[in-house]
Amino acid sequence: MKMKLPKDKFLSTVRVGDKGQIVIPKEVRDLFEIEPGDSLLLMADKKKGIAIVGFDGMVDFMDESIRQARKAQQEQKGEQK
């Protein structure tokens, strides 16, 4: 079932196949420029659900997250002295 939304949004149901696979709708592949052979990162949290993101952008995000966490950790150590 597809709903009419703004051009930068998409909402649809997908069906899980016998092998646990889903098809990413063409509109979503076009929206995110997903091509055959692209790597995607699937993240799952039992309470929050499943998210699929582009792998390339996620590497940059993870690098920045680690950098920020280390900075916060160093600042916290400095406050404890």
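The values are calculated or read from the model by the stated rules, or taken from the named source; none is laboratory data. In this text, all values refer to a predicted model and were calculated from it rather than measured experimentally. In this analysis, Cβ positions are derived from the backbone assuming ideal geometry, glycine residues included, and neighbour counts consider all displayed protein chains. The area values use the complete protein model at the heavy-atom level, side chains included, leaving out ligands, DNA and RNA. Shrake-Rupley method; radii C 1.70, N 1.55, O 1.52, S 1.80 Å.
Put simply, of Lys71, Lys77 the only residue that is part of a helix (DSSP H, G or I), loosely packed, with under 11 Cβ neighbours inside 10 Å, at pLDDT below 85 and not acidic (Asp, Glu) is Lys77.
When you scan the stretch 31-42, do you find a residue that is surrounded by 10 or more Cβ atoms within 10 Å (Cβ to Cβ) and either touching a residue at least 60 places away in the same chain (Cβ under 8 Å) or part of a helix (DSSP H, G or I) (or both), even just one? Within the stretch 31-42 (the criterion being surrounded by 10 or more Cβ atoms within 10 Å (Cβ to Cβ) and either touching a residue at least 60 places away in the same chain (Cβ under 8 Å) or part of a helix (DSSP H, G or I) (or both)), the answer is yes, since at least one residue qualifies.
When the stretch 1-24 is filtered for residues that are in a loop (DSSP other than H, G, I, E, B) and in contact with a Leu (Cβ under 9 Å, 6 or more places away or on another chain), the ones remaining, listed by number, are Met1, Met3, Leu5, Lys7, Asp8, Lys9, Phe10, Leu11, Ile24.
Here the condition is being open to solvent by less than 90 Å² (accessible area, probe 1.4 Å), at pLDDT below 90 and outside any loop (DSSP other than H, G, I, E, B); of Ile52, Ile66, it holds for Ile52 alone.
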